[in-house]
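Enquirer: Dumping the structure here so I can ask a few things about it.
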Amino acid sequence: MARVPKGASLIKNPVSVAPGFQIGNVFVLAGVPKIMTAMLEDIGPRLAQGVPVQVRSVTVRLVEGRIAEALAAIQKTHPAVSIGSYPFFADASGPAGTTIVIRGRDQGEVEAAEREVLELAQSLGAEPEKARDSR
């Protein structure tokens, strides 16, 4: 039903039998969602996986300008992580604040930066709120 390039390996298709193929890091699958989904079962183990990104999120009821310099210092101390600050306006649940997101592949570095962010917030009189799904 299809031509397959020389050197390609086949991808099983349990729905319509016509296989897809893999050549190098390129996977050619059926375009019909139901068939493609079934074919993904065969290629899952073939996909290269990297180190997952760890993410921590802390919300503080402090304006971004009040913590920006200290966040820059924490970022400088932990170059293996990326720290983003996302300000928000006051709402029904409290005054204006900032959500701080810490991302990195080294779990120890991410956790160390998170501890420093939590300590920073507490030193400024704010009670930090960690996101429930951040661990």
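What follows is calculated from the coordinates using simple rules that are stated; it is not laboratory data. For clarity, every value in this text was computed on a predicted model and none was experimentally measured. Cβ coordinates were reconstructed from backbone atoms using ideal geometry, including for glycine residues, and neighbour counts include every protein chain displayed.
Enquirer: As a footprinting exposure proxy, order Asp42, Asp91, Asp106 by other Cβ within 10 Å, with the fewest listed first.
Expert: So the ranking, lowest neighbour count to highest, is Asp91, Asp106, Asp42.
Enquirer: Which net charge results when you count Lys and Arg as +1 and Asp and Glu as -1 among the other residues whose beta-carbon is under 13 Å from that of Ser9?
Expert: Net of charged neighbours comes to +2.
Enquirer: Hey, another quick one. Given all pairs of different Cα atoms, what value in angstroms does the Kirkwood hydrodynamic radius of the chain take?
Expert: Computed over the chain, the radius equals 18.3 Å.
Enquirer: Given +1 on the Cβ of Lys and Arg, -1 on the Cβ of Asp and Glu, and no further charges, what dipole in debye does the chain carry about its Cα centre, rounded to the nearest 20?
Expert: 760
Enquirer: Roughly what would the spin-label model give for Val17 and Phe89, points 7 Å off Cα along C-beta, in nm?
Expert: 6.2
Enquirer: Place a label point 7 angstrom from the Cα of Glu127 along the Cα-to-Cβ direction, then list the residues of region 85-106 whose backbone nitrogen is under 17 Å away.
Expert: Label zone hits: 91-98.
Enquirer: Can you give me the distance in nm between label points at Gln107 and Leu10, each placed 7 Å from the Cα along the Cα-to-Cβ direction?
Expert: 4.0
Enquirer: So for region 11-135, averaging the separation of alpha carbon pairs under 8 Å that are six or more residues apart and normalising by length, what relative contact order in percent results?
Expert: Rounded, it is 26 percent for region 11-135.
Enquirer: Return the whole-Å distance between the Cα centroid of region 49-63 and the Cα centroid of region 96-135.
Expert: Here the two parts' Cα centres lie 7 Å apart.
Enquirer: Toward the positive end of the charge dipole of the chain, about the Cα centre and with charges on Cβ (Lys, Arg +1; Asp, Glu -1), which of Ala90, Ile67, Pro52 goes farthest?
Expert: Pro52
Enquirer: Using only DSSP helix segments of four residues or longer, with each worth -39500 (n - 2.57), what per-residue ellipticity at 222 nm results for the chain after dividing by its residue count and rounding to 500?
Expert: So the helix-based figure for the chain works out to -10000 deg cm²/dmol.
Enquirer: Relative to a virtual label point 7 Å from the Cα of Gln49 in the Cα→beta-carbon direction, which members of region 101-117 show backbone nitrogen distances below 17 Å?
Expert: Within reach of a label on Gln49: 105-107.
Enquirer: Report the residue, chosen from Pro33, Pro87, Pro79, that carries the largest GNM mean-square fluctuation when the chain is represented by alpha-carbon nodes joined by springs under 10 Å.
Expert: It is Pro33.
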